[in-house]
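Structure, as structure tokens:
The values are calculated or read from the model by the stated rules, or taken from the named source; none is laboratory data. Only a predicted model underlies this, so the values are computations on that prediction, with no experimental measurement involved. Reconstructed Cβ throughout: ideal geometry from the backbone, glycine too, with neighbour counts over all protein chains shown.
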Amino acid sequence: MPKNRIWNYLQEKINTDGVLHMSLIDPDLTFQTLNSIKQIVKFTTDAGTDAFMIGGSTIADQISIDKVVVAIKKTTDRPVIIFPGNVNAFSKSADATFFMSLINSNNLYWVIRSHVLGAPTLKLWDLEPISLAYIIIAPGATAGFIGEAHMIPRNKPKICAAYALAAQYIGYKMIYLEAGSGANETVPVDMVKVVANFVDIPVFVGGGINTKEQAVEFVKAGAQLIVQGTYLEKVVPKDKGAGLAEIIQAIKSQKR
């Protein structure tokens, strides 16, 4: 596999489209089946998503994660990237993994220690790592609870920007701002704008994005990657991806 193949793909899509849409799939098979996941993936692919992130803050074992990755890769031609919730969340069948550090966690395990444990596995499997600084904004939802995040106050965008800039200077390739999957409140738009103007690396936004108006506002604020997860589970099976296609078309039309 060519070195940095998926990272180069993400960069090229940002350069050509201005923004990427990424679909987050929870690999927990205790509440869903492989067939239901494959159905969502098919509809989401047809709607125009650029890549799939596999992971989340719920508990899923490595066997289940690998089953989900294999099933997804048989259903789509889009890259499948692990979004690891722990050191057992990798799959050698994936195209790459976000080597993700929750940089505002109170627990060093989520900042660096889990990475020390997981790095040898990535090397053994020759799985492409893409360094990602993960910053959780209040309310944080499950991700904030599991990750023991010292959550960024919603009215303090400059604090978030300082975290993001520090991550850039350390060498992370991307920033992911999230209010928590399925959160009742999204990351504040003004916070995204401040962060995007402060750093020179791509900024993800995810958590609670359910409408094209929300997604477009984030892109206008400077986000270059929009992540949706809970929306896929709740809406896509019902409308077969029609609403998602509208969201993706809307954000792609905002190319600056």
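Of the residues making up the stretch 192-210, those that are of a type in the set (Val, Ile, Thr) and farther than 26 Å from Asp239 by Cα are Val192, Val194, Val195, Val199, Ile201, Val203.
For beta carbons closer than 8 Å, sequence separation of 6+ or different chains, a first residue in the stretch 10-36 that is free of Cβ contacts under 8 Å to residues at least 40 places away in the same chain and under 11 Å from Val68 (Cβ atoms) and a second that is of a type in the set (Phe, Trp, Tyr) and surrounded by 15 or more Cβ atoms within 10 Å (Cβ to Cβ), there are no qualifying pairs. Here the stretch 234-256 is the region considered, the condition is being out of contact with any strand residue (DSSP E or B) (no Cβ under 9 Å at 6 or more places or on another chain) and of a type in the set (D, E, K, R), and the residue that is farthest from Ala47 (Cα to Cα) is Arg256.
Restricting the stretch 7-32 to residues that are at pLDDT 95 or above and farther than 25 Å from Ser253 by Cβ, the residue that is surrounded by the fewest Cβ atoms within 10 Å (Cβ to Cβ) is Trp7.
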